[in-house]
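Below is one structure, written out as structure tokens; comments come after it.
Any read-out appearing in this document is the output of simple, stated calculations on the displayed coordinates, not a laboratory observation. The model shown is predicted, which means the values in this text are computed figures rather than measured ones. FYI the Cβ positions are ideal-geometry reconstructions off the backbone, even for glycines, and counts take in every protein chain you see.
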Amino acid sequence: MVAQPVQPVRTTRILAVLLAASLGLVVALVAGILVSTTGTSLAEAFLYGGGAFAVSMTLFLSAFSAVGLV
């Protein structure tokens, strides 16, 4: 049995999505930390972070799609 090589296009797409997710997590953490310093509750900071993750993930995937990576 010979294993089929992974196609480079598929690998690039997977790496682009993982990069977008990693950058989205960084944005979410920064947003959550900044909001929590204003005195809001932990739940509100978590919601702001989740919203920031969703928006940034959408923007990163759209940008990668426009470039042709995804």
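Descriptive notes on the structure:
- Here log10 I(q)/I(0) by the Debye sum over Cα atoms at q = 0.12 Å⁻¹ was calculated from the structure, and among (i) -0.43; (ii) -0.33; (iii) -0.49 it sits at label (i).
- The angle separating the long axis of helix 8-36 from the principal Cα axis of greatest extent in the chain is about 10 degrees.
- Helix 42-67 axis, angle to the chain major axis (alpha carbon atoms, nearest 10°): 30 degrees
- Listed peptides 35-45, 13-23, 49-59 by packing density, highest first (mean Cβ within 10 Å): 49-59, 13-23, 35-45
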